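Worksheet: one structure, shown below.
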Amino acid sequence: MRTGWYQLATLATVAGACGSGEQSRLENLPRQDVHRGIAIFGHEVRSFQPCGSEASLWAIDSSGMLWDLHTEMTLHDPPYQGLFAILEGRLGSAPQDGFGADYDGTLIIDEVLYVAREGLGCDFDWSAFRYRALGNEPFWSADITTKAILLRSMGQDDQTWALIQEGRLDRELRFRGEGDGREPVVVAIRRTECRDTMSGAFFGYTATVRIGESVLMGCALRAHKATESG
């Protein structure tokens, strides 16, 4: 079973009180939201340090997905290698005993949204887009902002459409853009696991970009939870 004794013990004590020093490190973090930071897995270590914070959290992943990905991606690396991850989860107090007792708090992971060895990280400007879709062979990326859809493709000029419509259809988020003298673009994002075919990065979303008869398929990630309505 993936849920070990250390996870059960932590879940049982997650409501325990924090000390004043621990609380000061956690007070600026969202209680339930998308968390970006560095995940480390190893013997007696299940840690997550949020970007821009000194807090070190005991990470509980009952599905085991984060730690399976960490093991796969760091197989030939020295122990305790940190990986950048985007996780949806809930913050709580540190457990009163066990391996997690020395941490500043606990992150109970609900969803793994992104894990990668390289590329996007804590120092990236996450305010630049709401969703980003991307693919390879050849490389392309599509950024969705509050007002526009921007498509970048290797060897071609950037293209921008005004975002005129968005909504949910058949369990997909769909964004439609229009531009003067060009065919409209429709970006569909579905919450389905996806792997980058070149880097091996894990994404929690797939994406399809349609421009007339042209179709691009790839992975996607989001910058903020507030952009998804359900």
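The slack between Q96 and D33, meaning 0.36 nm per residue of separation minus the straight C-alpha distance, is 20.3 nm.
Here D170 and R195 are evaluated by their C-beta separation; at R0 = 30 Å the FRET efficiency comes out at 0.85. Using 16 Å as the cut-off for backbone N distance, which residues of the range 192-215 belong to the label zone defined by a point 7 Å from the Cα of Q159 along Cα→Cβ? Hits in the range 192-215 for Q159 at 16 Å: 208-215. Shown for E137, E88, E183: other C-beta atoms within 10 Å of each C-beta, ranked fewest to most, produce the order E137, E183, E88. A Förster distance of 41 Å, applied to the separation of the beta-carbon atoms of H43 and D110, puts the FRET efficiency at 0.95.
Stretching E178 away from R152 to a fully extended chain increases their span by 7.8 nm, per 0.36 nm per residue minus the current alpha-carbon distance. Taking the Kirkwood radius as Rh and the Cα radius of gyration as Rg, the range 86-225 has a ratio of Rg/Rh equal to 1.06. Computed 3J(HN,Hα) for the range 117-128, one whole-Hz value per residue from the Karplus formula 6.51 cos²θ - 1.76 cosθ + 1.60 where θ = phi - 60°, is 7, 8, x, 5, x, 4, 8, 7, 7, 6, 7, 6, glycine and proline marked x.
Only the coordinates and a few stated rules stand behind these numbers; no lab work does. Owing to the predicted nature of the structure, the values given are computational and were not obtained by experimental measurement. So basically every Cβ, Gly included, is an ideal-geometry build from the backbone, and we count neighbours across all protein chains shown.
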